[in-house]
């Protein structure tokens with residue numbers, strides 16, 4: 001990819017960006033960062049780490065020029081140099097490109113769609129395709145588009161509607177589009193979220209190659225996922241700097257990782273319990289593309305399941321059949337809660353029994369709701385506000401307190417960090433105490449301590465007769481009470497134990 005990258009870094013160690021005792025504020029006056037001093041120099045690649053709500057995404061906003069500096073100093077020597085060379089730059093974001101968790105732009109917004117639409121068949125001309133998304137606003141050649149999409153393993157998806165991409169596929173697409181724009185500096189906010197182990201390794205390798213080819217990268221990631229090509233680490237906590245220095249020194253300070261959890265028998269896993277999910281020879285197809293192939297699966301009341309498999313293996317599609325979101329459920333031999341699918345029940349009658357959290361569902365919360373109002377939408381299986389009862393409000397407050405986030409309840413959901421939003425949506429899945437709980441990558445964006453706390457809640461507080469289906473790329477996140485596994489690969493069952 002050398003042909004796509006301009007020559008850079010003529011003089012190593014020159015500063016690119018700096019903050020000196022800077023305090024940044026958001027529109028409205030809330031503090032985003034407090035007394036931060038930090039300098040990024042040419043030739044350095046920084047990773048920004050820290051717990052949920054530590055200020056990581058706020059720091060990216062500061063670098064992009066989206067937050068006002070209330071005190072202290074800020075500077076972009078990189079931009080000063082580019083302007084001196086004749087570049088017209090109105091804002092730092094003109095040459096510094098972020099890749100964030102959620103795609104909301106003039107090109108595409110999930111708020112313009114409804115959740116079930118991603119499972120319907122759409123002709124390419126009816127919606128924005130991946131190909132059109134990648135090419136919009138760039139002058140990338142056909143060869144370069146093919147090269148980037150091939151390296152990011154999304155080349156076969158180029159004709160698909162963007163709304164049909166999985167969480168991991170959409171993340172790859174955003175990275176690809178940013179690379180095609182040839183940015184002077186690329187800010188990657190949690191690029192490994194939603195990717196399986198193989199996918200994380202491939203993206204990390206690709207980014208390492210780009211850095212060797214003089215692409216500047218600022219990485220926001222988990223402390224335990226700092227790639228080897230990172231040279232320096234900035235650790236934030238409570239909106240200020242906790243530590244900064246070289247990567248090797250930072251890694252030496254980390255505590256040893258926990259081993260894989262010891263999985264224990266489920267509290268209730270009786271073959272005599274009634275089945276609540278029965279799928280026999282399930283198939284899902286879009287044209288010539290077979291997503292699920294001859295999948296059979298039976299889940300009994302009170303069982304604890306983990307559904308495993310790489311990106312693109314069909315996990316989300318399988319769950320969409322169960323949650324009554326996929327129209328092809330009607331063409332399959334599927335029974336939910338004892339009733340054949342298509343026997344006259346509405347999707348809302350099915351959803352009444354299910355609490356759901358998924359990365360894709362997260363994208364559809366665009367109304368200006370408080371965190372508590374967002375969680376309360378789980379009573380009604382919608383993503384918009386509905387009036388609640390006193391008892392429902394009490395249940396929401398109780399869960400916020402149990403998860404230790406009572407102070408978030410009245411804050412605007414849109415202003416929470418990604419990790420805080422994901423915790424609120426976990427509470428949303430729990431509010432109606434559902435017989436079936438489906439958690440698809442529920443701990444994305446959470447720090448290690450929050451993952452442990454949330455996993456412990458699931459282990460200790462689910463009722464014995466509740467059924468859990470848990471999807472994760474990280475076995476360390478799986479609750480210890482899980483004792484059944486369904487593994488998918490390329491749409492087929494690989495194992496069922």
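Quick grid of which residues meet (1) touching a residue at least 24 places away in the same chain (Cβ under 8 Å); (2) closer than 28 Å to residue 196 by Cα:
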| position | (1), (2) |
| --- | --- |
| 368 | yes, no |
| 387 | no, no |
| 408 | yes, no |
| 431 | yes, no |
| 452 | no, yes |
| 456 | no, yes |
| 459 | no, yes |
| 468 | yes, yes |
Exercise for the section: Determine whether the stretch 339-346 contains at least one residue that is in contact (Cβ under 8 Å) with a residue 24 or more places away in the chain and either more than 20 Å from residue 422 (Cα to Cα) or touching a helix residue (DSSP H, G or I) at 6+ places or on another chain (Cβ under 7 Å) (or both). Expected result: no
Problem - Search result, residues across the stretch 378-400 that are part of a helix (DSSP H, G or I) and over 17 Å from residue 416 (Cα atoms) - result: 378, 379, 390, 391, 392, 393, 394, 395, 396, 397, 398, 399
Handout entry: Odd one out for residue 235, checked against (1) modelled with pLDDT under 95; (2) outside any loop (DSSP other than H, G, I, E, B); (3) more than 21 Å from residue 197 (Cα to Cα)
Key = (1)
Practice task
Restrict the check to the stretch 200-209 and report whether at least one residue is closer than 26 Å to residue 441 by Cα, assigned by TED's automatic domain parsing to the domain that holds residue 80 and touching a strand residue (DSSP E or B) at 6+ places or on another chain (Cβ under 8 Å).
Solution key: yes
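Does residue 196 meet the test of being under 19 Å from the mean Cα position of the chain (by Cα), closer than 17 Å to residue 445 by Cα, in contact (Cβ under 8 Å) with a residue 24 or more places away in the chain and surrounded by fewer than 20 Cβ atoms within 10 Å (Cβ to Cβ)?
Yes.
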Exercise for the section: Evaluate the following for residue 181: is it surrounded by fewer than 20 Cβ atoms within 10 Å (Cβ to Cβ) and farther than 27 Å from residue 135 by Cβ? Expected result: no
Practice task
Would you check if residue 59 is within 31 Å of the chain's Cα centre (by Cα), assigned to a helix (DSSP H, G or I) and closer than 13 Å to residue 23 by Cα?
Solution key: yes
Handout entry: Qualifying position, being touching a strand residue (DSSP E or B) at 6+ places or on another chain (Cβ under 9 Å), farther than 19 Å from residue 449 by Cβ and not in a strand (DSSP E or B), among 228, 249
Key = 249
Exercise for the section: State which residue is surrounded by the fewest Cβ atoms within 10 Å (Cβ to Cβ) when the search covers only the stretch 292-314 and only residues that are closer than 24 Å to residue 201 by Cβ and modelled with pLDDT under 90. Expected result: 310
Exercise for the section: Could you tell me whether the stretch 347-355 includes any residue that is modelled with pLDDT under 85, closer than 20 Å to residue 471 by Cα, surrounded by 15 or more Cβ atoms within 10 Å (Cβ to Cβ) and touching a helix residue (DSSP H, G or I) at 6+ places or on another chain (Cβ under 8 Å)? Expected result: no
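Conditions tested, residue by residue: (1) part of a loop (DSSP other than H, G, I, E, B); (2) within 26 Å of the chain's Cα centre (by Cα).
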{"position": "298", "(1), (2)": "no, no"}
{"position": "321", "(1), (2)": "no, yes"}
{"position": "324", "(1), (2)": "yes, yes"}
{"position": "335", "(1), (2)": "no, no"}
{"position": "344", "(1), (2)": "yes, no"}
Handout entry: Unmet requirement for residue 329, which otherwise passes all of (1) over 20 Å from the mean Cα position of the chain (by Cα); (2) buried (at least 18 other Cβ atoms within 10 Å of the Cβ); (3) touching a residue at least 24 places away in the same chain (Cβ under 8 Å)
Key = (3)
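The values are calculated or read from the model by the stated rules, or taken from the named source; none is laboratory data. Computed from a predicted structure; not experimentally measured. Positions of Cβ are backbone-derived with ideal geometry, glycine not excepted, and every protein chain shown enters the neighbour counts.
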